[in-house]
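Below is one structure, written out as structure tokens; comments come after it.
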């Protein structure tokens, strides 16, 4: 509730927040600390008229979820595989949702999330971070990749999207080295380095249908990606 209030209201001091919620200033300070630890962009503005608020430029507009919706989101995000792209962001998002909930709904969401275990990832965290950044900024990546036969090669790729199939994640990209669409299993990427060069736009469906990763999906699943004549 405090997080939602800070999004909507002007900056308020700890004392004003304590009076608003009828709690002690120590409770407000503890809750503010919990929000910051969860990654919520809480900020304090000094001087007259200053106080605590959430930076509007760093957040989405407040969304009102029902208790069931918030619990479902928190649980689904907590269940995200540790090897999945953007898994770190998913975990902090789950924490923010739980922190913003109050009463029995918060306790229920935390209890359910605590019963979900994400096993350690075989994907190097540095590789996953590089892939995430390349997709977010649309930049070219230089990869060191090991194929199914154990052969290692250097590739320069233009990332287009991600594919998940049978519990594995693939980077779908235009491979400049092979001059074709390719799918790279994330757990087979030995190293990934951003080049800073902007990637050209590519049709994800065409790359997916032409990539090695497409073999990880059943033909019927891929058929839905083919445009109708």
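Read the figures in this text as sums done on the coordinates, not as results from a lab. In this text, all values refer to a predicted model and were calculated from it rather than measured experimentally. When we count neighbours, we look across all protein chains shown, and the Cβ atoms used for this are built from the backbone with ideal geometry, even at glycine.
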For labels at residue 43 and residue 166 in the simple 7 Å Cα→Cβ model, what's the distance in nm? 4.8
If each of residue 202 and residue 89 carries a label point 7 Å out from its Cα toward its Cβ, how far apart are those two points in nm? 2.1
Taking R0 as 30 Å, what's the FRET efficiency between residue 36 and residue 126 from their Cβ-Cβ distance, rounded to 0.05? 0.70
Extension gain from residue 27 to residue 146, taking 0.36 nm per residue of separation minus the Cα-Cα distance: 37.6 nm
Mind giving me the FRET efficiency for residue 190 and residue 111? R0 is 45 Å, r the Cβ-Cβ distance, nearest 0.05 is fine. 0.70
